[in-house]
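Visitor: Input: one structure, supplied below.
The values are calculated or read from the model by the stated rules, or taken from the named source; none is laboratory data. What you see is a predicted model; the values in this text were computed from it and never measured. Using ideal geometry, Cβ is built from the backbone for each residue, glycine included, and neighbour counts are taken over all protein chains shown. Heavy atoms of the whole protein, side chains included, go into the accessibility calculation; ligands, DNA and RNA do not. Shrake-Rupley method; radii C 1.70, N 1.55, O 1.52, S 1.80 Å.
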Amino acid sequence: MAQQASYEMNKNPRGFCVIVNNVDFQNKDLNRPGADIDERSLQLLFKTLLFEVIIRRDLTKHELEKVAQDFGEANHEAYNAFVFIVMSHGGDRDCILGVDGRETTVKNLMSEFRENKCPSLKHKPKVFIIQTCRGFQGDADDSMPSSANDISLQVVTTSSREQKSSQPCGTAFSTDSTLPRSVFPPEADFVLAFATAPGYVSYRHPDHGARFIQVRNCQN
């Protein structure tokens, strides 16, 4: 069978776009002001792209994994693609924080959509967009968090340069990430987009949303 040059995008709707937005955490110091703006922008964008948008807010670790499991078990035969967007705190080894302070990983979420678990998405694009930090490093002139390795404190760092306007989007974990090296599923057709490089924070403006999710004028 010859490899296809492009994916078909001829269904209406194209598929599900699941947006998980963790805004209000049990530890109120971790709340994510500005994330509601990102949610609205993404919802408008993917509705314009003819996806059926489903929004889930403020999920615990278990609830986030259950959403992935449920959509992995769904029948996608009538659709062209699947999009999974997660906005939360994150850190080392591409962990994602639930609102209960417990971690899952991008790898765990992706695994629910492998061919053996989700055959109806075989040869169809499975797009994961992850708006989280992936460590605690900032820009070259940013200050480093004082408790970078203390996960129990769940410290949210603030850039010294932008402390009045932007907040890093993640908790303070160590800097390394294994995802680019070893945890991709063997199947093709996965597309991953991260807000930042491994080891680095991602910034969110409390009035304008995250830098990564700058969906402006998407009706054009």
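Visitor: Any idea how many residues of the range 175-214 are at pLDDT 55 or above and either surrounded by 17 or more Cβ atoms within 10 Å (Cβ to Cβ) or farther than 12 Å from Asp94 by Cβ (or both)?
Guide: Residues meeting the conditions: 27.
Visitor: Right, another one. Which condition does Val53 not pass, out of (1) over 18 Å from the mean Cα position of the chain (by Cα); (2) not in a helix (DSSP H, G or I), if it passes all the others?
Guide: The number of the failed condition is (1).
Visitor: Separate question: Can you tell me how many residues within the range 77-131 are assigned to a loop (DSSP other than H, G, I, E, B), polar (S, T, N, Q) and within 19 Å of Phe46 (Cβ to Cβ)?
Guide: 2
Visitor: Name every residue in the range 18-54 that is farther than 19 Å from Gly90 by Cα and open to solvent by 50 Å² or more (accessible area, probe 1.4 Å), in order of residue number.
Guide: Once the filter is applied, which keeps residues that are farther than 19 Å from Gly90 by Cα and open to solvent by 50 Å² or more (accessible area, probe 1.4 Å), the range 18-54 yields Arg40, Gln43, Leu44, Lys47, Thr48, Leu49, Leu50, Glu52.
Visitor: When the residues of the range 56-69 are narrowed to those that are in a helix (DSSP H, G or I) and not polar (S, T, N, Q), which ends up surrounded by the most Cβ atoms within 10 Å (Cβ to Cβ)?
Guide: Leu64
Visitor: Scan the range 95-104 residue by residue and report those that are crowded, with 24+ Cβ neighbours inside 10 Å and in contact with a Leu (Cβ under 8 Å, 6 or more places away or on another chain).
Guide: Ile96, Leu97, listed by residue number.
Visitor: Do we have Gly72 as buried (at least 21 other Cβ atoms within 10 Å of the Cβ) and farther than 19 Å from Val191 by Cα here?
Guide: no
Visitor: Can you tell me which of (1) farther than 19 Å from Ala193 by Cβ; (2) modelled with pLDDT under 95; (3) touching a Leu at 6+ places or on another chain (Cβ under 7 Å) is the one Gly90 doesn't meet?
Guide: So the condition that Gly90 fails would be (1).
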